[in-house]
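Since every read-out is calculated from the coordinates, none of them should be taken as a lab result. Values in this document were obtained by computation on a predicted structure and should not be read as measured data. Note: ideal-geometry Cβ built from the backbone for every residue, glycine included; neighbour counts use all protein chains shown.
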Amino acid sequence: MTRKESFEQLRLDNVGRRFGGQDALQDLDLTIRAGEFIALLGPSGCGKSTALNCLAGLLPLTSGSIWQDDKRIDTLPPERRGFGMVFQNYALFPHMTVRSNVAFGLQMRRLPKAEIAERTAAAIRLVQLEEHVGKLPGQLSGGQQQRVAIARAIVLEPSLVLMDEPLSNLDAKLRLEMRTEIRRIHQSLGLTTVYVTHDQEEALSMADRLVVLRSGQVQQIGTPEELHTRPANWHVAGFMGFRNLLELDATRADGGGVVVEGHGLRLTGAPASGVSAGEPVVVGVRPEDIVVQPRDSGAASARDAAGNEVPATVEVVEYHGREFAVEARTRSGLAFHVKTPERVAPGNEVTLVIPAERLLVFPRGDERPPAPALERSEPSLSEVGST
Ligand SMILES: Nc1ncnc2c1ncn2[C@@H]1O[C@H](COP(=O)(O)OP(=O)(O)OP(=O)(O)O)[C@@H](O)[C@H]1O
């Protein structure tokens with residue numbers, strides 16, 4: 001099986017979609033090169049499926065255009081775009097065998113019987129379902145059903161494969177397996193794939209480039225490495241594993257770095273664009289970038305001189321195999337999430353060391369990150385009384 005070499009690039013030009021007065025997707029500019037694996041990533045309701053459905057032709061655009069090389073395609077109905085689609089609910093025909101489900105699209109095209117048989121067998125081989133060709137979907141596991149859905153899409157040799165959260169109905173282990181599987185099929189057939197997910201790990205591990213959306217607007221487009229190391233704003237950082245997002249004030253900002261203060265802390269961060277002294281900022285730190293040191297252990301001399309030291313008390317410790325997920329709280333009440341190989345216990349007094357170059361500072365903007373945990377999260381009396 002080979003992919004039909006039917007375009008060099010697909011261009012979304014200022015694509016937008018409104019529902020009533022609400023923008024579900026705004027000004028999406030994206031050029032997809034043949035052979036690329038693109039992930040559309042973002043929280044629920046950010047416009048991922050809307051973007052995919054616009055591309056598929058299931059939703060008309062309210063602004064912009066879509067181009068396949070020099071041909072405008074957003075005016076074409078879905079069936080004339082030649083794209084394959086795989087959705088989370090598979091939508092297999094329950095009364096038809098695996099083989100018939102996969103062959104269905106080819107039969108609709110009235111291809112010669114021998115060609116249908118050959119292409120169907122090749123697609124089933126590719127998704128490794130040869131042993132199950134005679135079974136009905138109800139006799140298959142979730143992962144096997146998802147493979148049938150993939151085979152059914154790729155048997156038509158689509159120029160572009162669109163996938164909308166295809167793994168969300170599967171259990172964690174199967175999801176991991178299918179990630180590898182989808183990436184393998186993408187590579188071996190030289191497919192061009194657009195893949196919608198809200199799972200950053202899935203997106204980072206599968207895609208060549210990611211498009212991060214929020215409230216219908218593109219936040220950043222880049223390779224997994226670019227997004228991981230240089231998130232464009234704190235919303236993207238939050239999605240890329242910067243679980244500690246603290247609202248502080250910048251008191252110094254220049255080429256040498258940024259100093260931020262608040263909640264009894266004074267921290268130094270990497271130089272940041274768009275940040276000025278005197279402005280509210282959001283500071284992002286990954287749990288795995290924080291080093292935990294027992295207080296007064298004598299380890300101070302070994303400390304990184306550029307490290308920010310934050311005294312805190314360990315509150316929660318979860319064992320995660322090789323490391324511990326720790327929640328530690330400062331005297332001013334800020335909670336830090338930390339991942340560490342250090343064995344600590346609730347009640348331990350520790351120093352959290354945050355390397356300055358791992359502390360990213362972003363302009364706060366109009367919105368605020370989720371409030372820092374200043375109090376323990378027990379309900380107040382008034383909340384208890386009102387339930
Ligand atoms: N048919 C519709 N009519 C009205 N509003 C819609 C319609 N479809 C989507 N929306 C709205 O558009 C916005 C984007 O929805 P969309 O389904 O694209 O989000 P999503 O990122 O795919 O979310 P999820 O991950 O939950 O599927 C949401 O606010 C949603 O409520």
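With both partners inside the chain, how many of the DSSP beta bridges are antiparallel, as a percent to the nearest 5?
So the antiparallel bridges amount to about 80 percent of the total.
Take the alpha-carbon centre of the range 317-355, take the same for the range 121-139, and report the distance between them in whole Å.
Cα centres, the range 317-355 to the range 121-139: 48 Å.
What does the charge dipole of the chain about its Cα centre add up to, to the nearest 20 debye, if the Cβ of each Lys and Arg holds +1 and the Cβ of each Asp and Glu holds -1? Walk me through the numbers on the way to the answer.
Values: 43 positive and 49 negative charges, 296 e Å.
Dipole of the chain, to the nearest 20 debye: 1420 debye.
Considering the dipole of the chain built from charges on the beta carbon (Lys and Arg +1, Asp and Glu -1) around the Cα centre, which of 37, 233, 107 is farthest to its positive end?
107
Given H placed 1.01 Å from N in the peptide plane, which residues other than close sequence neighbours of residue 163 have an amide H under 5 Å from its amide H?
The list, which skips near neighbours in sequence, is 86, 194, 195, 196.
What is the gain in length, in nm to one decimal, between residue 18 and residue 70 on full extension, counting 0.36 nm per residue of separation less the C-alpha to C-alpha distance?
Gain on extension, residue 18 to residue 70, equals 16.1 nm.
Which ³J(HN,Hα) values, rounded to whole Hz and listed in residue order, are derived for the range 100-115 from phi using the Karplus coefficients 6.51, -1.76 and 1.60 in 6.51 cos²θ - 1.76 cosθ + 1.60 with θ = phi - 60°, glycine and proline given as x?
Computed from phi, the couplings for the range 100-115 are 5, 4, 6, 6, 3, x, 6, 5, 4, 7, 6, 7, x, 4, 5, 5 Hz.
For labels at residue 44 and residue 266 in the simple 7 Å Cα→Cβ model, what's the distance in nm?
With each label placed 7 Å out from Cα toward Cβ, I get 4.4 nm.
Please identify which residues in the range 147-191 have an amide N closer than 13 Å to a label point set 7 Å out from the Cα of residue 122, following the Cα→Cβ vector.
154-158, 189-190
How much length is gained if the chain between residue 188 and residue 109 is pulled fully straight, taking 0.36 nm per residue apart and subtracting their Cα-Cα distance, in nm to one decimal?
26.0 nm
Can you tell me which lysines have their Cα less than 27 Å from the Cα of residue 71? Leave out same-chain residues fewer than eight positions away.
4, 48
What dipole magnitude, in Debye to the nearest 20, does the range 1-140 give about its Cα centre under +1 on Lys/Arg Cβ and -1 on Asp/Glu Cβ?
That gives the range 1-140 a dipole magnitude of about 480 debye.
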